[in-house]
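Encoded as structure tokens, the structure appears first; notes follow it.
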Amino acid sequence: MFRFRTVMIWLAAMSFWACQTQQPSDNYSIEGEAEGLADGDTLYLSDVHGTELPFEMAVVENGKFNISGITESSQFCMLYSPQQGNIQIPLFIEPGKILLWLAPDGETYLSGTENNEKLQAYKDSLQLYEEQVSSSMSALYGSTTRSKHEEVSLQAQKETERMNAYLVRIIEDNIDNELGYYALLKEGDALPAEQRLTLIHQMPALFQNRPEMVEIEKSLTVESRSEDSDKPVQLTNDILALPDDGSTTLPDEVMKNQLTIIQFWASWNTPYYRELPEVKRLYRRYGDMGLGMIGISLDNDDKAWRSSIDKHGLTWLQLSDLKGWDSELIGAYKVETLPYYMLVDRTGKILTTGVSVEDISSEVREALQP
């Protein structure tokens, strides 16, 4: 009997010890300050990729709230308030103490655990990029001259490209976790359909098979086919004038080189002149290795065109139809801003395009570097 009681006491002690020593790494808590909510307002926590039904709730008291529980891994969730429909806060439920501050204007700040701090850093950086793009667009609408409009338009384009490059970097660096999934799901519309499809296909099967991503992939597949059908892939045979009163066609000229950079510019296009030093360096470096250059001016004024060629030392082939923005080439090659660059091979196939020489220089170096 003594032996039995000893064993039972030992088992009870072990059970108590197990409860008291449950792995702390499984526990999570959200400690929040809610300046944007009133006392008595409720907050619900739901799994974004599950049933989306709330599994935890909290009531705001004295401007604060607390939610705690157990989780085995990082789980992407949404914290929302039925009283304030604009409050929907994405966050990661993961082991540790999650700190959340909700400002009166609805802005939030997350910290305390690894993935939530990554999420906050991503949101802060993206907001900064968006503000820079917005500032450039405001300046664009306020521009009063054509040259200023072109300059600001190029700046806005570059700001947008930098923002999208940052977004892609975040997705690629987190392609196998919920942060990458969230970034692609939330902001992926800013990227071309083909690029989004590539990123989706790099994700784990678990992410690809989620219903919302399956629907997005179906839609993007259709959109990508449309983009491909609209994209110029081959040079046209338009006859263009030479400064010496002769004429030629682009296919006839590009067949003389392994690669050719075609530059759309104009005598009044200040941003192009800022890029000229890099354009000339690229031509000096690879001109003897198979790189050709062709300038296509969107000037209307023949004298201004010829004068600019001499003034700025444009020693490579120069062409124009002197129709300015009414040129058929604008529609044929989807030129929306100046400068605009196309890299083509000797068959006239368009390999890549860009609004800066930097957009195509890496491909030139890769193809022609000895």
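The values are calculated or read from the model by the stated rules, or taken from the named source; none is laboratory data. As the structure is a computational prediction, the values presented were derived from the model and not from experiment. So basically every Cβ, Gly included, is an ideal-geometry build from the backbone, and we count neighbours across all protein chains shown. Just so you know, the surface numbers come from the protein's heavy atoms only, side chains and all, with ligands and any DNA or RNA stripped out. Shrake-Rupley method; radii C 1.70, N 1.55, O 1.52, S 1.80 Å.
Right, Asp326: more than 26 Å from the chain's Cα centre (by Cα) and modelled with pLDDT under 90 or not?
Against the criterion (more than 26 Å from the chain's Cα centre (by Cα) and modelled with pLDDT under 90), Asp326 qualifies.
What are the pairs, 6+ residues apart or on separate chains, where a residue within region 255-269 that is part of a strand (DSSP E or B) has its Cβ under 7 Å from a residue that is open to solvent by 10 Å² or more (accessible area, probe 1.4 Å) and of a type in the set (Phe, Trp, Tyr)?
From residues that are part of a strand (DSSP E or B), the pairs are Phe264/Tyr340.
Whether any residue in region 191-199 is more than 8 Å from the chain's Cα centre (by Cα) and without any contact (Cβ under 8 Å) to a residue 24 or more places away in the chain is what I want to check.
Yes, the conditions are met somewhere in region 191-199.
Within region 311-370, which residues are among the basic types (Lys, Arg) and outside any helix (DSSP H, G or I)?
Listed by number, the residues that qualify are Lys323, Lys334, Arg346, Lys349.
Please count how many residues of region 165-179 are closer than 17 Å to Glu117 by Cα, touching a residue at least 24 places away in the same chain (Cβ under 8 Å) and either open to solvent by less than 10 Å² (accessible area, probe 1.4 Å) or charged (D, E, K, R) (or both).
The number of residues fulfilling the criteria is 4.
I'm checking my understanding of the structure. Among residues of region 25-48 that are crowded, with 20+ Cβ neighbours inside 10 Å and of a type in the set (Gly, Ala, Ser), which one is nearest to Ser111 (Cα to Cα)?
Gly32
Residue by residue through region 311-370, note down the ones that are under 18 Å from Asp252 (Cα atoms), open to solvent by 10 Å² or more (accessible area, probe 1.4 Å) and not aromatic (Phe, Trp, Tyr).
Leu317, Asp321, Ala332, Asp345, Arg346, Thr347, Lys349, Ile350, Leu351
Considering only region 249-275, how many residues are open to solvent by less than 10 Å² (accessible area, probe 1.4 Å) and more than 17 Å from Leu351 (Cα to Cα)?
Qualifying residue count, region 249-275: 5.
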